[in-house]
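Before any comments, here is the structure.
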Amino acid sequence: INYQKASFLTSAPDIKALPADTGIEVAFAGRSNAGKSSALNTLTRQKSLARTSKTPGRTQLINTFALGEDQRLIDLPGYGYAQVPLEVKLKWQKSLSEYLVKRDSLKGLVVLMDIRHPLKDLDQDLIHWAVGSQLPVLLLLTKADKLSPGPRKKVLMEVREASLAFMGDVTVQVFSSLTKLGLAELEQVLDQWFYP
Ligand code: GDP
């Protein structure tokens, strides 16, 4: 797929407001500041398709992007932001798990985690929900340029080992928006999800 042709479709305040549940979509999720916007911009070769925000957690909108005829990228709101009230957090968790379970067009989930802080509780919850609804999951260890090759490889191996515990289709790759490390691998996985 030519991810460069991605174009903004809609901003939805909640799951109910998403585009019609047809075709194939792939969702990106991660803690605030994990590097999700940067990864989406890198994937699509667009400077500001997804906003890289200085105030993490402020926007709770689900942004959707069209790739082609009935193919979408879904940018889910970042989670784990301390200053969001508990009530809002719980409500979001409920609708997120609902989205993963009920959305027919959803064919894969990319979970972005800073390579220096992988597999936090909320990441693990999300992976469990996705695996529970038979969704393939790609764990992207972001900002991989922050580690030198040795430690980078070590974390990759550790997270791969830990990911076996989810008992699902969970793969792990390193990624850097800065150096484009892992970009080809990311595209390969997405291509498979869009054209099974
Ligand atoms: P989001 O909140 O998950 O969308 O994260 P952003 O994409 O806005 O990135 C959060 C911060 O991490 C920003 O300051 C980015 O410049 C930085 N960042 C994102 N990706 C990378 C990367 O690959 N390498 C480095 N060194 N910094 C990154």
**Asked** Is segment 142-149 home to any residue that is surrounded by 19 or more Cβ atoms within 10 Å (Cβ to Cβ) and either touching a residue at least 60 places away in the same chain (Cβ under 8 Å) or under 15 Å from Y79 (Cβ atoms) (or both)?
**Response** yes
**Request:** Scan segment 107-129 for residues that are within 15 Å of the chain's Cα centre (by Cα), charged (D, E, K, R) and in a loop (DSSP other than H, G, I, E, B) and report the count.
**Result:** 1
**Message:** Of the conditions (1) crowded, with 19+ Cβ neighbours inside 10 Å; (2) farther than 26 Å from D14 by Cβ, Q188 satisfies every one except a single condition; which number is it?
**Reply:** (1)
**Asked** Can you name the number of the only condition in (1) part of a helix (DSSP H, G or I); (2) more than 14 Å from the ligand (Cβ to nearest atom); (3) within 17 Å of the chain's Cα centre (by Cα) that L43 fails?
**Response** (2)
**Message:** Taking the conditions exactly as written (part of a loop (DSSP other than H, G, I, E, B), among the basic types (K, R) and either in contact with a Leu (Cβ under 8 Å, 6 or more places away or on another chain) or within 10 Å of the ligand (Cβ to nearest atom) (or both)), does R51 satisfy them or not?
**Reply:** yes
**Request:** Within segment 67-106, count every residue that is of a type outside the set (S, T, Y) and assigned to a helix (DSSP H, G or I).
**Result:** 14
**Request:** Being touching a helix residue (DSSP H, G or I) at 6+ places or on another chain (Cβ under 9 Å) and not charged (D, E, K, R) is the filter; apply it to segment 51-62 and report the residue that is modelled with the lowest pLDDT.
**Result:** S53
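Sort out which residues of segment 123-140 are within 16 Å of the ligand (Cβ to nearest atom) and out of contact with any helix residue (DSSP H, G or I) (no Cβ under 8 Å at 6 or more places or on another chain), and write them in order of number. Before you say what the answer is, go through the steps one by one.
So the first thing to find is which residues in segment 123-140 are within 16 Å of the ligand (Cβ to nearest atom), and the list is 123, 126, 138-140.
Of everything in segment 123-140, just one residue is within 16 Å of the ligand (Cβ to nearest atom) and out of contact with any helix residue (DSSP H, G or I) (no Cβ under 8 Å at 6 or more places or on another chain), namely D123.
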**Complete:** Flagged in segment 130-148 as assigned to a helix (DSSP H, G or I) and either under 22 Å from E187 (Cβ atoms) or in contact with a strand residue (DSSP E or B) (Cβ under 9 Å, 6 or more places away or on another chain) (or both), in numbering order, are A130, V131, A144, D145, K146
**Message:** Looking only at segment 29-40, filter to residues that are within 15 Å of L190 (Cβ to Cβ) and of a type outside the set (D, E, K, R); which one of those is farthest from the ligand (Cβ to nearest atom)?
**Reply:** A29
**Item:** Residue, modelled with the lowest pLDDT, within segment 16-50, restricted to residues that are surrounded by fewer than 16 Cβ atoms within 10 Å (Cβ to Cβ) and over 14 Å from E69 (Cα atoms)
**Value:** S48
**Message:** Can you pull out every residue in segment 175-196 that is more than 16 Å from the ligand (Cβ to nearest atom) and of a type in the set (S, T, N, Q)?
**Reply:** Q188, Q192
**Asked** Is one or more of the residues making up segment 157-174 of a type outside the set (K, R), surrounded by 15 or more Cβ atoms within 10 Å (Cβ to Cβ), within 16 Å of the ligand (Cβ to nearest atom) and not in a strand (DSSP E or B)?
**Response** no
**Prompt:** Out of segment 61-92, which residues are under 25 Å from I24 (Cβ atoms) and either away from the ligand (no atom under 15 Å from the Cβ) or free of Cβ contacts under 8 Å to residues at least 40 places away in the same chain (or both)?
**Reply:** T64, A66, L67, G68, E69, D70, Q71, R72, P77, W92
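The values are calculated or read from the model by the stated rules, or taken from the named source; none is laboratory data. The shown structure was predicted, so the numbers you read here are calculated from the model rather than taken from an experiment. With ideal geometry, Cβ positions are generated from the backbone for all residues, glycine too; neighbour counts draw on all protein chains shown.
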